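Novice: Let me begin by handing over the structure; questions about it come next.
The values are calculated or read from the model by the stated rules, or taken from the named source; none is laboratory data. Remember, predicted model here, so these are calculated numbers, not experimental data. Here the Cβ positions follow ideal geometry from the backbone for every residue, glycine too, while neighbour counts run over all protein chains shown. Ligands, DNA and RNA are stripped out before the accessible areas are found, and what is left, the full protein with its side chains, is counted by its heavy atoms. Shrake-Rupley method; radii C 1.70, N 1.55, O 1.52, S 1.80 Å.
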Amino acid sequence: MNVTKCLKFPLLILFFILISFPCLTRSTPVLDTDGNEVQSNTKYNVFPLERGNGGGLALSAKDRPCPFIVMQENYESSSGLPLKLFPLDNKQQVVNLSTYLNIVFSAATICVQSTVWKLGGVDEITGRRYVSSGGIMGRPGVHSVDTWFKIEKYGNGYKIVWCPTNVCNTCKVVCGNVGVFVENGKRWLGLSDVPLVVVFKRSST
């Protein structure tokens, strides 16, 4: 019996399994409120999943004029500002779960800086880390590690997390959910144990 011929068949099977493996781990897209796949570089408004839990997301000055801090509107009727999502792979047209991405408000502020989300350092007064504007777009590495977020499925909605462990191999990060801190009647976004559960609605503007 030809041993070489006997070995070829199982090797061929193994080859086809290996090339098919990516299909078995196909990425899951984020869906908007209409059930459509969320697209990169497209305007969306972000709302809380549960009604009566505030409105959309926007920017506002907090303790100083700049940078602006990401906040949630208090009233459900307020849509906030539209934003766009830009995956790390700039050829990726659909936004998938667990994909590193930049989040950018499609708006301008009085601050001469970008509206790219970034996680700030520990606040000296509250000890919290807030999400602000002024981040770097793209260019993964030590200088932009604070600007990379992910979207994860959470119940019937989604949560935004900051955990850029693979963006910068030499950086030490403490992962966390993006949640809401209510301070003096305003709702500020920051790193929290309790996530803000959200949905994405395609913007009409």
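Novice: Can you tell me which residue within region 116-135, out of those that are open to solvent by less than 40 Å² (accessible area, probe 1.4 Å) and among the polar types (S, T, N, Q), is nearest to residue 161 (Cα to Cα)?
Specialist: 132
Novice: While we're here: So is residue 197 among the hydrophobic types (A, V, I, L, M, F, W, C), farther than 23 Å from residue 51 by Cβ and buried (at least 18 other Cβ atoms within 10 Å of the Cβ) or not?
Specialist: no
Novice: I'm checking my understanding of the structure. Among residues of region 144-183 that are among the β-branched types (Val, Ile, Thr) and over 18 Å from residue 116 (Cα atoms), which one is surrounded by the most Cβ atoms within 10 Å (Cβ to Cβ)?
Specialist: Narrowing region 144-183 to residues among the β-branched types (Val, Ile, Thr): 145, 147, 151, 160-161, 165, 167, 170, 173-174, 178, 180, 182.
Still in the running and over 18 Å from residue 116 (Cα atoms): 165, 170, 173-174, 180, 182.
Values: 165: 13, 170: 7, 173: 15, 174: 8, 180: 20, 182: 11.
The selected residue is 180.
Novice: Here is a further query. Among the residues of region 102-115, is any over 16 Å from the mean Cα position of the chain (by Cα), surrounded by fewer than 18 Cβ atoms within 10 Å (Cβ to Cβ) and under 27 Å from residue 51 (Cα atoms)?
Specialist: yes
Novice: Would you confirm whether any residue within region 42-52 is assigned to a loop (DSSP other than H, G, I, E, B), open to solvent by 40 Å² or more (accessible area, probe 1.4 Å) and of a type in the set (S, T, N, Q)?
Specialist: no
Novice: Here is a further query. Are there strands (runs of 3 or more DSSP E) fully within region 103-205 with at least 2 residues that are among the aliphatic types (A, V, I, L, M) and modelled with pLDDT of 95 or more? List them.
Specialist: Working: elements: 118-122, 129-132, 150-154, 157-162, 176-183, 186-192, 198-202.
Result: 157-162, 176-183, 186-192, 198-202.
Novice: Test of understanding: among 15, 21, which residue is at pLDDT below 95, farther than 30 Å from residue 76 by Cα and surrounded by fewer than 10 Cβ atoms within 10 Å (Cβ to Cβ)?
Specialist: Values: 15 fails: surrounded by fewer than 10 Cβ atoms within 10 Å (Cβ to Cβ).
After ruling out the rest, the residue left standing is 21.
Novice: Another one. Any idea which of 65, 48 is at pLDDT below 95 and more than 27 Å from residue 172 (Cα to Cα)?
Specialist: 65
Novice: While we're looking at this one, here's another question. Need pairs with beta-carbon distance below 6 Å; first residue farther than 13 Å from residue 100 by Cβ and within region 126-145, second surrounded by fewer than 18 Cβ atoms within 10 Å (Cβ to Cβ) and at pLDDT below 85; sequence gap 6+ or separate chains.
Specialist: Matching pairs, first to second residue: 142/168; 142/171.
Novice: Of the conditions (1) crowded, with 20+ Cβ neighbours inside 10 Å; (2) under 22 Å from residue 45 (Cα atoms), residue 138 satisfies every one except a single condition; which number is it?
Specialist: That leaves (1) as the condition not met.
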